[in-house]
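Everything on this sheet refers to the single structure shown next.
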Amino acid sequence: MLPSNTNYLLAVEGLTVSFDGFKAVDDLSFYVDNDEIRVIIGPNGAGKTTVLDLICGRTKATAGSVRFKGKELLSLREDQIVHAGVGRKFQNPSIYEDLTVFENLELSYPSGYTVFGALAFKRSAAVAERIEEIAETIFLADLLDTKAAILSHGQKQWLEIGMLLIQDPELLMLDEPVAGMSVAERRKTAELLHGIIENRSVLVIEHDMNFVADIAHKVTVLHQGRILSEGSMETVQADPRVVEVYLGH
Ligand code: ADP
Ligand code: MG
């Protein structure tokens, strides 16, 4: 057994989940550094989404360990994991269509913030400033008063990323963020991710290999719940096992 290393932002070790005897994730270990963009790729059914479900506490692990900044997450509830600094975006955007971009971001501002008394004005000014800053990052600064319903598909995805960013997670997990986006939107999303990784790491599941090449510091290839290959984009692309089960198709 390898010695546990607490210098990683995220250390996943021996992670396993069994659904009625079927191991969707099977003794999986990987480590994510600070300020790293890690991409998980692999064929459909490989267990990618399940890995994110396990890390964010939506699915309970059968065995293993997930340490975030040295702290075990597997014994925590979903809301405690969010509070610890892990944000998760699901495949379908969960924004409020009837609200504006500004209101969507405002609603996502970390709870514990209450408006009352003499502080109210100061507080809401600080919140507005933070919302404007996030809107700039997600390319929606000019659309703050626009109803979310009329945003493009890509803009809705960015808004949801913004709704996570406003909580300032140290680990941001995104499941297929560029699915359905135009080529231009994919490029801007890559730019967005590069812009947010100071003091933060991002764990992304993606199929678009051009996008993966644009963003990944390191790629983990998952197959049947296990790691098939791991390393730089060049390394995994040249790995014959990866070509056989995934890239060759
Ligand atoms: P990927 O995201 O790589 O396409 P998933 O993580 O969604 O794969 O699924 C991995 C495997 O686990 C699939 O065979 C899927 O059917 C199965 N699976 C996922 N979640 C559950 C669950 N809650 N109950 C039973 N089987 C599941
Ligand atoms: Mg999936």
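The values are calculated or read from the model by the stated rules, or taken from the named source; none is laboratory data. Nothing here was measured: the structure is a model prediction, and the numbers come from that model. A quick note on method: Cβ atoms are made from the backbone with ideal geometry, for glycine too, and the neighbour counts reach across all protein chains shown. Note: accessible area is taken over every heavy atom of the protein model, side chains too, but ligands, DNA and RNA are not part of it. Shrake-Rupley method; radii C 1.70, N 1.55, O 1.52, S 1.80 Å.
Between VAL66, VAL32, GLY195, whose Cα lies farthest towards the positive end of the dipole of the chain when Lys and Arg beta carbons carry +1 and Asp and Glu beta carbons carry -1, centred on the Cα centre?
With unit charges placed on the Cβ atoms, the residue in question is VAL66.
Could you compute the net charge surrounding HIS223? Neighbours are other residues with a C-beta less than 15 Å from the C-beta of HIS223; K and R count +1, D and E count -1.
Spelling it out: positives minus negatives among the neighbours equals -1.
What would the Debye equation give as log₁₀ I(q)/I(0) for the chain at q = 0.14 Å⁻¹, counting only Cα atoms as equal point scatterers?
-0.95
Only Lys, Arg, Asp and Glu count, each charged at its Cβ (+1, +1, -1, -1), so figure out the dipole size of segment 170-210 about its Cα centre, rounded to 20 debye.
Using Cβ point charges on Lys, Arg, Asp and Glu, segment 170-210 gives about 140 debye.
Using every alpha carbon pair in segment 1-64, what percent of pairs falls into each 5 Å bin from 0 up to the bin containing the largest distance?
4, 15, 26, 25, 19, 8, 2, 0
Give me the net charge of GLU13's neighbourhood, meaning all other residues with Cβ under 10 Å from the Cβ of GLU13; Lys, Arg count +1, Asp, Glu -1.
0
What does the highest-first list of 182-193, 139-150, 155-166 look like by mean Cβ count within 10 Å?
Order by mean packing, descending: 155-166, 182-193, 139-150.
With +1 assigned to the C-beta of every Lys and Arg and -1 to the C-beta of every Asp and Glu, and no other charges, what is the dipole magnitude of the chain about the Cα centre in debye, to the nearest 20?
I would put it at about 540 debye.
Return the whole-Å distance between the Cα centroid of segment 1-77 and the Cα centroid of segment 149-186.
A separation of 23 Å, based on Cα centres.
If the cut-off is a Cα-Cα distance under 20 Å, which aspartates and glutamates reach LYS23, setting aside same-chain residues fewer than 8 apart in sequence?
The qualifying aspartates and glutamates are GLU13, ASP53.
Determine one quarter of the surface area of the Cα convex hull of segment 25-159, which equals its mean projected area, and express it in nm² to one decimal.
Projected over every direction and averaged, the Cα hull of segment 25-159 covers 10.6 nm².
Treating only the Cβ atoms of Lys and Arg (+1) and Asp and Glu (-1) as charged, compute the dipole magnitude of segment 119-245 about its Cα centre; round to the nearest 20 debye.
240
Relative contact order of the chain, please, whole-number percent, based on alpha carbon pairs below 8 angstrom and at least 6 residues apart.
Averaging sequence separation for qualifying contacts and normalising by length gives 27 percent for the chain.
Normalized C-alpha radius of gyration of segment 155-249, against 2.2 N^0.38 Å?
My calculation over the Cα atoms of segment 155-249 gives 1.13.
Could you pull the Cα extents of segment 139-183 along its three principal axes, largest to smallest, in whole Å?
Ordered largest first, segment 139-183 gives principal extents of 29, 23, 16 Å.
Report Rg(Cα)/(2.2 N^0.38 Å) for segment 167-215, keeping two decimals.
Its radius of gyration relative to the 2.2 N^0.38 Å reference: 1.10.
Around VAL39, under 13 Å between beta carbons, what's the net of Lys plus Arg minus Asp minus Glu among the other residues?
So the surrounding residues net to -4.
Taking only protein heavy atoms into account and a 1.4 Å probe, give the accessible area per residue of the chain in Å².
Result: 49 Å² of accessible area for each residue.
Can you flag which of LYS48/LYS156; LYS89/LYS147; LYS69/LYS147; LYS188/LYS218; LYS48/LYS147; LYS69/LYS89 are past 31 Å Cα-Cα?
LYS69/LYS147; LYS48/LYS147
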